[in-house]
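Comments concern the structure below.
The values are calculated or read from the model by the stated rules, or taken from the named source; none is laboratory data. Just so you know, these numbers come straight off a predicted model, no measurement behind them. A quick note on method: Cβ atoms are made from the backbone with ideal geometry, for glycine too, and the neighbour counts reach across all protein chains shown.
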Amino acid sequence: MRLPVLLILLAVWAGCHSHASIPSLRPISKISAKVREVPELNFSAIDSVEVPEESIEEFAFLIRPVAPCTQTINPKFDYHVADVILQHPDGSTTTLLVRWTGHNPAGISLDDRNYYYGGTGKFPDGATRIVQLLNQYHFQSLEPDD
């Protein structure tokens, strides 16, 4: 009787602990994004924003998957705050979904099923930092050129 219970527990544990490799991102030539409205976090929607060329490296650090997400992502509480579109030198694109996890770093996904933590930023929450930067880039693009 103990063996079947042990096997069931082992199967459940294996199903909850994915050993999938961390996806690596190909070289990036351009980054654009869409910020989603999240009233609970006081985030306003931005339909389209482009990351300035000189900021691509800094921004890419925050969205690059670096470790498997160890928490269960619950769409009701872990808000979908942004979609980030990476353009690669060959013209292809990769879309990343960014979720607020309640702590640093942000939850990053390529498929809305498997999540990874992004790079850590200077602020307590990676998703908040990502949205702050996207807002900054958006408002900079609205300023008239001198």
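When only residues in region 73-89 that are in a loop (DSSP other than H, G, I, E, B) and in contact (Cβ under 8 Å) with a residue 40 or more places away in the chain count, which is farthest from VAL49 (Cα to Cα)?
Looking only at region 73-89, we keep the residues that are in a loop (DSSP other than H, G, I, E, B), and these are 73-79, 88-89.
Restricting the remaining residues to those that are in contact (Cβ under 8 Å) with a residue 40 or more places away in the chain gives 73, 79, 88-89.
On the way: ILE73: 26, TYR79: 19, HIS88: 17, PRO89: 19 Å.
So, considering only residues that are in a loop (DSSP other than H, G, I, E, B) and in contact (Cβ under 8 Å) with a residue 40 or more places away in the chain, the one farthest from VAL49 (Cα to Cα) is ILE73.
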**Request:** Filter region 44-88 down to residues that are within 23 Å of PHE139 (Cα to Cα) and not hydroxyl-bearing (Ser, Thr, Tyr), then give me how many there are.
**Result:** 25
**Prompt:** Can you tell me which of LEU97, LEU133 is surrounded by 14 or more Cβ atoms within 10 Å (Cβ to Cβ) and more than 12 Å from the chain's Cα centre (by Cα)?
**Reply:** LEU133
**Prompt:** Within region 45-68, restricting attention to residues that are free of Cβ contacts under 8 Å to residues at least 24 places away in the same chain and not acidic (Asp, Glu), which residue is surrounded by the fewest Cβ atoms within 10 Å (Cβ to Cβ)?
**Reply:** ALA45
**Asked** Within region 24-39, how many residues are within 13 Å of THR93 (Cβ to Cβ) and not basic (Lys, Arg)?
**Response** 7
**Fill in**
Note: among ALA127, ALA67, ALA60, ALA106, just one is under 15 Å from the mean Cα position of the chain (by Cα), modelled with pLDDT under 95 and closer than 16 Å to ARG26 by Cβ, namely ALA60
